[in-house]
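The values are calculated or read from the model by the stated rules, or taken from the named source; none is laboratory data. If you're wondering where the values come from, they're calculated on a predicted model, not measured in any experiment. Neighbour counts are summed over all protein chains in view; Cβ atoms, including those assigned to glycine, are modelled from backbone coordinates with ideal geometry. Areas reflect the complete protein model, heavy atoms only, side chains present, ligands, DNA and RNA absent. Shrake-Rupley method; radii C 1.70, N 1.55, O 1.52, S 1.80 Å.
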Amino acid sequence: MLKFEIITLFPELFKEHLNNMPFKRAFKKNLAEIKLHNLRDYAIDKRGTVDGTTYGGGVGMILMVEPIYKALKTVMNYTDEQMKNFKQNAGAEKTRVILLSPNGVKFNQSVAEKLSGLSKIVLICGRYEGVDARIQEYFCTDTVSIGDYVLSGGEIPALAIMEAVVRLIPGTILKEEATKIESFADGKLEYPQYSKPENFMGLKVPEILLTGNHRKIEEWRRVNSRKTQ
Ligand code: ADE
């Protein structure tokens, strides 16, 4: 069972997506669990403040250290004393606490494979213009980016990462084969696939696929798989 704990200001953004595959089956079969934690519940005041201006000046607001600290303390079930050695304690429990940020390590299929073997992953979704740097320095084990572009928050990166990871848990994808032959798994993109009709407005399915000659079809697919690099 792989447990995800998501710290976000927008838990609602996740719900529809998590009601579908591959999550639906993973939850049903108790292969994964995802808990959403609203950062607003850990605000520093009754007005729900979670962001502030940056020391030294600059435009925009960043997420403050305290609400994220409090959320992590709850999620990890740590005392303030345990929070002082956050990285070591999380590491000892084989828990990864990941801040989603464009300045992180680039996410790819091999990172997904490593994460799929863990039992607990905490994802911290940044928002606004950034996150107080003390979070990255003291209160997370990794920083991960889904690509060299800037999104408005870590919610879509968190969904992308969870989906890639959950698909790799055996039993989540119906045909075990599917994950194996799929894009990237063996350094290749998938071969082209076609369904009915054979001829769509003059656009035809390659003839070899209609022959039933499995050896030749396999060879055609191998040749026509696009390499990833
Ligand atoms: N937050 C904003 N942009 C991001 C990105 N590219 N990857 C991960 N988190 C982000």
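In the set (1) more than 15 Å from the ligand (Cβ to nearest atom); (2) at pLDDT below 95; (3) on the phi > 0 side of the Ramachandran plot, Tyr128 fails one condition alone, (1). Could we say that Gln136 is in a helix (DSSP H, G or I) and surrounded by fewer than 17 Cβ atoms within 10 Å (Cβ to Cβ) here? Judged against the criteria, Gln136 is not a match.
Where residues in region 28-54 are in a strand (DSSP E or B) and closer than 18 Å to Val75 by Cβ, which of them is least open to solvent (accessible area, probe 1.4 Å)? Only one residue tops the list, namely Ala32. Hey, does region 55-66 have a residue that's modelled with pLDDT of 95 or more, hydroxyl-bearing (Ser, Thr, Tyr), open to solvent by 60 Å² or more (accessible area, probe 1.4 Å) and in the same structural domain as Leu159 (by TED's automatic domain parsing)? The answer is yes, given that some residue of region 55-66 is modelled with pLDDT of 95 or more, hydroxyl-bearing (Ser, Thr, Tyr), open to solvent by 60 Å² or more (accessible area, probe 1.4 Å) and in the same structural domain as Leu159 (by TED's automatic domain parsing). The residue that is farthest from the ligand (Cβ to nearest atom), counting only those in region 139-155 that are part of a strand (DSSP E or B) and polar (S, T, N, Q), is Thr143.
Against the test of being away from the ligand (no atom under 13 Å from the Cβ) and in the same structural domain as Ala32 (by TED's automatic domain parsing), the options Ala112, Ala158 yield a single qualifying residue, Ala112. Applying the set (1) more than 17 Å from Arg127 (Cβ to Cβ); (2) open to solvent by 30 Å² or more (accessible area, probe 1.4 Å) to Phe10 leaves exactly one unmet item: (1).
Listed here are the residues, each with its yes/no results for (1) open to solvent by less than 40 Å² (accessible area, probe 1.4 Å); (2) under 9 Å from the mean Cα position of the chain (by Cα); (3) closer than 26 Å to Met64 by Cβ.
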{"residue": "Ala112", "(1), (2), (3)": "yes, yes, no"}
{"residue": "Ser116", "(1), (2), (3)": "yes, no, no"}
{"residue": "Ile121", "(1), (2), (3)": "yes, no, yes"}
{"residue": "Asp132", "(1), (2), (3)": "yes, no, yes"}
{"residue": "Cys140", "(1), (2), (3)": "yes, no, yes"}
{"residue": "Thr143", "(1), (2), (3)": "yes, no, yes"}
{"residue": "Pro157", "(1), (2), (3)": "yes, yes, yes"}
{"residue": "Glu163", "(1), (2), (3)": "no, yes, no"}
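Count, please, the residues in region 80-106 that happen to be part of a strand (DSSP E or B), aliphatic (A, V, I, L, M) and more than 15 Å from the ligand (Cβ to nearest atom). Of the residues in region 80-106, 0 are part of a strand (DSSP E or B), aliphatic (A, V, I, L, M) and more than 15 Å from the ligand (Cβ to nearest atom).
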